[in-house]
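Structure first, then comments.
The values are calculated or read from the model by the stated rules, or taken from the named source; none is laboratory data. All of these numbers come straight from a predicted model, not from anything done at the bench. Neighbour counts are summed over all protein chains in view; Cβ atoms, including those assigned to glycine, are modelled from backbone coordinates with ideal geometry. Just so you know, the surface numbers come from the protein's heavy atoms only, side chains and all, with ligands and any DNA or RNA stripped out. Shrake-Rupley method; radii C 1.70, N 1.55, O 1.52, S 1.80 Å.
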Amino acid sequence: MQITDILPQYTQLNAIIRNVVSRNEIFFGEQQIATDFYSQFYNIQSFEAMLIDLTMNTDPERHKTLSESLSVEIQNNIRLISSNKIVLENLNIEKTCDNFANQYEDQIGDQLHNTQKRWKELSEINNSLDMIGFRAHSEIEEKRLWEKHEALTEKYNEEKALLNDLYEKQNVARKTAEKYQDNYFPKILTLSQKLSEIVQKYIPKTIHSLPEGIFFDMKTASEIHKICNNTIFENLSETDFYTAINLLASDKILKLKQGEKTRVCFLVYKMYENIKSGNKTEWRTSILQHLEIDESYYKSKYKEPISEVPSRKSEQFAREIKELFS
């Protein structure tokens, strides 16, 4: 197992989950990828051995970049499956596999009709040849019958070969479908939770050198980071995120992802409520300025994710943030 194998496959799997959830349906190719992903990476010992090798044989900066990127994708996977459990656990995978297994039925029906037609024509010629000896006939007539017999035999064999090929393809498809009948998303969630715990041990830590946060401790910052990093905000390490939300000096900038302005207003609102110090209003003003959000916009939008008709994505996000600060 190599990190250069598992990292892009986690990225691909997360993209598939988003697509599956959006259409409430899984395609067979997606089902194959999800199942094969679990089968390939379920070995926890191999995963940790990979991280140990990465630690020992990779320069610190590359090691940090790769392990943090992997952590982000694992956290994204946990969030995606956890927040869409009902949809993912109730996918009609049996129907998906049946459709794949029986994909050649229409072609087989058409080809069977063609083959039977040729067989009927050939049988009529055979009958004519069988009967020709019992009646008067010319050599030319018999020769034409045998020529027609040869031509129809060739056409019948061609049609029969096409039919046999379709039967073989159908047999392979059915055997393939049998291997992908199970829903692996709950197992992948459990696996990702275990891998997340392991990968955190091998990310180079610099927390001890950070100044104490005035507004949020590292535990709270880490929990917010798990939900919001690379989803609401552009990708930042946990330590850089901690620095940013505590308004500490840093060359790393906290940036919003496109389309996340309303949801971040709700996040700021919940963070503001959680601040115990007396200068919480100053924090809110500063963080809004930092994120380039006008205060009047904030005041008009911060409750939208919990309004009467929020979008599905906003509703899930609001639920996660409320649970975090409960």
message = Name the single residue that is nearest to the chain's Cα centre (by Cα) among those in segment 276-295 being in contact (Cβ under 8 Å) with a residue 24 or more places away in the chain and crowded, with 16+ Cβ neighbours inside 10 Å.
response = LEU291
query = Can you tell me how many residues in segment 129-163 are among the small types (Gly, Ala, Ser) and either closer than 29 Å to LYS175 by Cβ or surrounded by 15 or more Cβ atoms within 10 Å (Cβ to Cβ) (or both)?
reply = 1
key: Test: residue in segment 104-125 that is touching a helix residue (DSSP H, G or I) at 6+ places or on another chain (Cβ under 6 Å), within 30 Å of GLU25 (Cβ to Cβ) and not in a helix (DSSP H, G or I)   = yes
Pick from segment 37-78, criterion assigned to a helix (DSSP H, G or I) and β-branched (Val, Ile, Thr), ranking: modelled with the lowest pLDDT = THR65
request  = Give the residue, chosen from ASP106, ASP59, that is under 27 Å from GLU234 (Cα atoms), charged (D, E, K, R) and either surrounded by fewer than 12 Cβ atoms within 10 Å (Cβ to Cβ) or in contact (Cβ under 8 Å) with a residue 12 or more places away in the chain (or both).
outcome  = ASP59
request  = For segment 281-298, enumerate the residues that are assigned to a helix (DSSP H, G or I) and under 24 Å from ILE214 (Cβ atoms).
outcome  = THR281, GLU282, TRP283, ARG284, THR285, SER286, ILE287, LEU288, GLN289, HIS290, GLU295, TYR298
remark   = Within segment 153-195, the count of residues that are among the aliphatic types (A, V, I, L, M) and in contact (Cβ under 8 Å) with a residue 60 or more places away in the chain comes to 7
query = Looking only at segment 213-246, which residues are touching a Gly at 6+ places or on another chain (Cβ under 9 Å) and open to solvent by 20 Å² or more (accessible area, probe 1.4 Å)?
reply = THR220
Segment 79-103, subset more than 16 Å from ASP182 (Cβ to Cβ) and not in a loop (DSSP other than H, G, I, E, B), residue modelled with the highest pLDDT = ASN99
message = Regarding segment 250-260, can at least one residue be identified that is basic (Lys, Arg), assigned to a helix (DSSP H, G or I) and open to solvent by 60 Å² or more (accessible area, probe 1.4 Å)?
response = no
remark   = Filtering segment 12-31 down to residues that are surrounded by 16 or more Cβ atoms within 10 Å (Cβ to Cβ) and part of a helix (DSSP H, G or I) yields LEU13, ASN14, ILE16, ILE17, VAL20, VAL21, PHE28, GLU30, GLN31
